[in-house]
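Chemist: Questions regarding the structure given below will be posed in turn.
The values are calculated or read from the model by the stated rules, or taken from the named source; none is laboratory data. Note that the structure is a prediction, hence the values are computed from the model and not measured. Here Cβ is always computed from backbone atoms with ideal geometry, including for glycine, and neighbour counts include all displayed protein chains.
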Amino acid sequence: MSADHESDVVVIGAGQAGLSAAYHLRRAGLANETGFVVLDHGKRPGGAWQYRWPSLVVGKVNGIHDLPGMAFGMPDPRRPASEVVSEYFARFEKTFDLPVHRPVDVTAIREDGDRLLVETPAETWAARAVISATGTWDRPFWPHYPGQELFTGRQLHTADYPGAEAFRGHRVVVVGGGISAVQLLMEIGPVARSTTWVTRRPPVWRDEEFNEDWGRQAVAKVEQRVREGLPPQSVVSVTDLAVTPEVRAAQATGYLDRKPMFDHLVPEGVVWADGTFEPADLILWATGFRAAIDHLAPLHLRTPGGGIRMDGTRVVAEPRLHLVGYGPSASTVGANRAGRAAVREIRRYLGL
C-alpha cells in the first residue's frame, strides 16, 4: 500500500505525553517530517487542557508537571488552567521546533509490511514506529443505570461542564468519587437549590497536600493492571482525595456529604434500592474517561481481559507501537517519563 508520506516515527497527539516524546525524538537528532512528525487533532496547542472548564484555575489543579527542558514556572493561580497550560504547550512547541500538524484526526493504524500505516481522512503516513499519545479526553465514560433514558431532566458529563451558573436554582445529583466531582460540588453547591453526591465506594480522604510521591503511588496501581493486559483504571480514579481548607469548608456546609450509589432513575429523579427517592433537575456524571484508542482496532491488540498487554510503554503484541498517556502514563506525573522511555526503546529497536 502506497502512503502519502514516510517518516521514521509518527507521534499521535500533542498533549503532555506526546510533547514529551517529541522532545526526546528531537534530542535524538531526528529531522522534521522524515525523522518524526506529530499529528494532533486539536485546533490549537494545549492537549486536553484547552477544553477544561474556565473555573478550573491553576490554583485548584492537583499538579501540572514540567515538560522536559522547560519549566512551567509560577503562573497566577487565579488564571484558568486551560489558558495557562495551552500557552505553555505553545511555547514548548515553538522553542523546540516540533513538527506538529493540526488539526489532524487519525482514524486507523494498520500493518503495512515492515511499517505501520497511519490513516487520516486526508492523507496517510508510513512509519517505522508509532507513539500513540491520544489520552482519554475524547472518551468520556457514561455508566448506564436503569431508567436513565426516562429521566426528564438534563444530564451532563464533566467533559461538557458549562460553569456553575447553569446549575443555579436546580436540584443537582453529582455522580463520581474523584477530585473533579469534589471541585464541581464546591462550585455548584452555593448556587444550586440542592446538591446530592453519590459514589459507588466511600471516598478516601487524606489530610495532606497532593505531592509527587502520592501521584507515583497512584501510577503504580494502574501500571500493574496494564502489565496484566487488563483495561486500565484512570490514575485519577485511584488517587485519594486531599483535605484542603476549601474542602473542610465544603464539608462543614454539607456539600460533600456522600451517599451510596442510587439503584435507578425515574423521570423526576433517582431512587435507591430501599425505595428512597431524591428529586433532581440535573445529573452531572463526573465518572471519568476511558482510553481513546479506537484507531488501534485494525491491529487487534486487545487481550481476552479487555485491555492491551504492555511492557512499559511498548505494546507486547506489536513492538513497533508504543502507548504513552495510556494507563499509568495518563497523568502529568507519568507522561514525561513515558515519553522518554518510549523514545529510548524506539531508538534501540530502529537502530537510531
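Chemist: Is it true that residue 220 is among the small types (Gly, Ala, Ser) and either in a loop (DSSP other than H, G, I, E, B) or at pLDDT 95 or above (or both)?
Modeler: no
Conditions (1) surrounded by fewer than 21 Cβ atoms within 10 Å (Cβ to Cβ); (2) of a type in the set (Gly, Ala, Ser); (3) touching a Phe, Trp or Tyr at 6+ places or on another chain (Cβ under 8 Å), marked per residue:
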| residue | (1), (2), (3) |
| --- | --- |
| 99 | yes, no, yes |
| 110 | yes, no, no |
| 120 | yes, no, no |
| 131 | no, no, no |
| 140 | yes, no, yes |
| 147 | yes, yes, no |
| 157 | yes, no, yes |
| 188 | no, no, yes |
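Chemist: Just checking, does the stretch 77-98 include any residue being closer than 26 Å to residue 33 by Cα, hydroxyl-bearing (Ser, Thr, Tyr) and in contact with a strand residue (DSSP E or B) (Cβ under 6 Å, 6 or more places away or on another chain)?
Modeler: No; the residues of the stretch 77-98 include none that is closer than 26 Å to residue 33 by Cα, hydroxyl-bearing (Ser, Thr, Tyr) and in contact with a strand residue (DSSP E or B) (Cβ under 6 Å, 6 or more places away or on another chain).
Chemist: Quick one: which strands (runs of 3 or more DSSP E) lie wholly within the stretch 108-192 and hold at least 3 residues that are outside the structural domain of residue 252 (by TED's automatic domain parsing) and not hydrophobic (A, V, I, L, M, F, W, C)?
Modeler: In the stretch 108-192, 108-112, 124-132 are the strands (runs of 3 or more DSSP E) which contain 3 or more residues that are outside the structural domain of residue 252 (by TED's automatic domain parsing) and not hydrophobic (A, V, I, L, M, F, W, C).
Chemist: Does residue 80 fit the bill of being over 25 Å from residue 340 (Cα atoms) and either among the charged types (D, E, K, R) or not assigned by TED's automatic domain parsing to the domain that holds residue 268 (or both)?
Modeler: Criteria met by residue 80.
Chemist: Okay, moving on. Which ones in the stretch 72-86 are of a type in the set (Asp, Glu) and exposed (fewer than 15 other Cβ atoms within 10 Å of the Cβ)?
Modeler: Within the stretch 72-86, just 76 meets the criteria.
Chemist: Something else: Working only within the stretch 60-89, note down all residues that are of a type in the set (Lys, Arg) and not in a loop (DSSP other than H, G, I, E, B).
Modeler: 60, the sole residue that qualifies.
Chemist: Same structure again: If you take the residues of the stretch 159-171 that are within 18 Å of residue 140 (Cβ to Cβ) and among the aliphatic types (A, V, I, L, M), which of them is surrounded by the fewest Cβ atoms within 10 Å (Cβ to Cβ)?
Modeler: Result: 166.
Chemist: Ok, one more. Just to be sure before I move on: is residue 301 without any contact (Cβ under 8 Å) to a residue 24 or more places away in the chain and either surrounded by fewer than 23 Cβ atoms within 10 Å (Cβ to Cβ) or of a type in the set (A, V, I, L, M) (or both) in the structure I sent?
Modeler: Against the criterion (without any contact (Cβ under 8 Å) to a residue 24 or more places away in the chain and either surrounded by fewer than 23 Cβ atoms within 10 Å (Cβ to Cβ) or of a type in the set (A, V, I, L, M) (or both)), residue 301 qualifies.
Chemist: To continue, here is another question. Under the condition of being in contact with a Phe, Trp or Tyr (Cβ under 8 Å, 6 or more places away or on another chain) and part of a loop (DSSP other than H, G, I, E, B), which residue from the stretch 240-260 is nearest to residue 190 (Cα to Cα)?
Modeler: Going through the qualifying residues, I end up with 255.
Chemist: Restricting attention to the stretch 25-59, which residues are in contact with a His (Cβ under 8 Å, 6 or more places away or on another chain), in a loop (DSSP other than H, G, I, E, B) and surrounded by 22 or more Cβ atoms within 10 Å (Cβ to Cβ)?
Modeler: The answer is 40, and nothing else.
Chemist: Follow-up. What are the pairs, 6+ residues apart or on separate chains, where a residue within the stretch 75-97 that is among the aromatic types (Phe, Trp, Tyr) has its Cβ under 7 Å from a residue that is part of a helix (DSSP H, G or I)?
Modeler: 89/19; 89/47; 92/19; 96/23; 96/26
Chemist: From the list 266, 243, 315, 271, exactly one residue is in contact with a strand residue (DSSP E or B) (Cβ under 6 Å, 6 or more places away or on another chain), surrounded by fewer than 19 Cβ atoms within 10 Å (Cβ to Cβ) and modelled with pLDDT of 90 or more. Which is it?
Modeler: Of the residues listed, the single one that is in contact with a strand residue (DSSP E or B) (Cβ under 6 Å, 6 or more places away or on another chain), surrounded by fewer than 19 Cβ atoms within 10 Å (Cβ to Cβ) and modelled with pLDDT of 90 or more is 271.
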